1. Could you go through segment 384-395 and let me know if any residue there is modelled with pLDDT of 95 or more and either under 26 Å from R158 (Cβ atoms) or β-branched (V, I, T) (or both).
2. Which residues, counting only those in segment 360-372, are in a loop (DSSP other than H, G, I, E, B), closer than 17 Å to H386 by Cβ and not β-branched (V, I, T)?
3. Considering only segment 331-359, how many residues are assigned to a helix (DSSP H, G or I) and polar (S, T, N, Q)?
4. Scan segment 41-65 residue by residue and report those that are free of Cβ contacts under 8 Å to residues at least 40 places away in the same chain and of a type outside the set (A, V, I, L, M).
5. What helices (runs of 4 or more DSSP H) lie completely within segment 98-191 and have 2 or more residues being β-branched (V, I, T)?
6. Hey, D134 hits all of (1) of a type in the set (D, E, K, R); (2) at pLDDT below 90; (3) within 21 Å of the chain's Cα centre (by Cα) but one; which does it fall short on?
7. Inside segment 420-435, can you point out the residues that are closer than 18 Å to S197 by Cβ and not small (G, A, S)?
8. State whether the residues of segment 308-327 include one that is under 36 Å from the mean Cα position of the chain (by Cα), over 30 Å from G263 (Cβ atoms) and surrounded by 11 or more Cβ atoms within 10 Å (Cβ to Cβ).
Amino acid sequence: MLSRKLITLTGIACLMLATSIQAQNRQLSDQGQLLDRIVAVVNDGVVLQSELDMQMTLILDRLRKDQTKLPPRNIIEQQVLERLVVRKIQTQFAEMSGISVSDPMLNSYLESIALEKRISFADLPAELAKSGVDYRQFREEMREEITIDLLKQRDVLRRIRVSPKEIEQHLEAQRMAESASNEFLLSHILIAVSPSSTPEVVRQLEKKATDIYLRLQSGEDFCELALAYSDGQKALECGDLGWRKGAQLAGFLNELVIDMTPGDVSEPARNPSGFHIIMVNEIRRTEVKKSIISQHRSRHILIVTDAIVDDQTAKRQLLEIKDRIANGEDFAMIATAVSADPVSARDGGNLGWQKVGSFVPVFEEMLTTLEIDEISEPFKSQFGWHMVQLLEQREHDNTDDLRRQLAFQEIRAARASEETEVWIQRLRDDAFVEYRL
């Protein structure tokens, strides 16, 4: 977290920077040129009018297409500016933390986008241009998105731990409450509370949340009020959270929605990030379908090449080992002694039951050619030279494992949503921000 001393120093530095830029703007504007201007100072950086205008155009176009009833323009403008400010704070913090996205990493991400569009990476700039999107700008926006995501993973997601006991409790709660596995189409308004807020400020924010709830009860539009007042990450999407399983919501919100029906609006509920108001738009029943998967169990011996052991030497060593096994020596004992795979070597080369398709393609292809107990010829992968033995095959009912995986994801998603809101609020509180709208 940024220290208060650092914030003060960067605040002074950014004010000096802003003053310099403004002086240049005044000098050039005397010559009759229309120039960009600063709308917010954020630590040692700025948000420009051009950035705000671009985001306003995009968001207003989307809202109008959705035929959304809009609050006054200045209210939406403040929401958009706040989003830009928070984004700037996150990218600055990522940079200070040494988090960056290299061109190869960015290109890999863009290649996946091109693949989704069923075009080549080389054709992506032209495809984006058809929609009026500048490729260079798109690249930098994607770089920023990935950077923020990496920061969030480091500071929030990787710190979330889910124990086996929590998973069992989660599954038991679902068995006891039929509605716990329902999915809800939700809208959300957050009135954020800073960790440093005084009791008086908290009371004022609680009153604000209560006033919004009463306005909703009297028939005012949820989307319009979310646009105007919500501090949530989805405020500019009318507070739309999309479809969420009740179990994916933070505990206090889950307890609210499981007893709600479509059209219901919850009273403000408090958690560390602030006061939350939830509206249930739709409900649908979900259940985990029976899952049968193909599995195989195998064991292998790995020889890694280096400056001394070349490909021919590694292959010859494995052929000699195969002859020794054929003459009665134990595969597991040899694997433990010579295999370069430290994990499987401890268990005699055993790779355990794995879903078909779990290994790299060349390894999987070799397994498909083998009969039970047959040992392969030596073959090469990116990890080195292998010799594999197929031990068993089966069709496995994976439903319980799938339920546990989903329970883990739901618990983690619930915590991530709650902790992300608190994390963003802390970053925001520790930043120097001056608005100049």
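1. Within segment 384-395, one or more residues are modelled with pLDDT of 95 or more and either under 26 Å from R158 (Cβ atoms) or β-branched (V, I, T) (or both).
2. L370
3. Counting residues in segment 331-359 that are assigned to a helix (DSSP H, G or I) and polar (S, T, N, Q) gives 2.
4. Once the filter is applied, which keeps residues that are free of Cβ contacts under 8 Å to residues at least 40 places away in the same chain and of a type outside the set (A, V, I, L, M), segment 41-65 yields Q49, S50, E51, D53, Q55, T57, D61, R62, R64, K65.
5. 135-155
6. That leaves (3) as the condition not met.
7. Residues satisfying the conditions are E421, V422, W423, I424, Q425, R426, L427, R428, D429, D430, V433.
8. No: segment 308-327 contains no residue that is under 36 Å from the mean Cα position of the chain (by Cα), over 30 Å from G263 (Cβ atoms) and surrounded by 11 or more Cβ atoms within 10 Å (Cβ to Cβ).
The values are calculated or read from the model by the stated rules, or taken from the named source; none is laboratory data. Fair warning: this is a prediction, and the values are worked out from it, not measured in the lab. All Cβ positions, glycine included, derive from the backbone under ideal geometry; neighbour counts span all protein chains shown.
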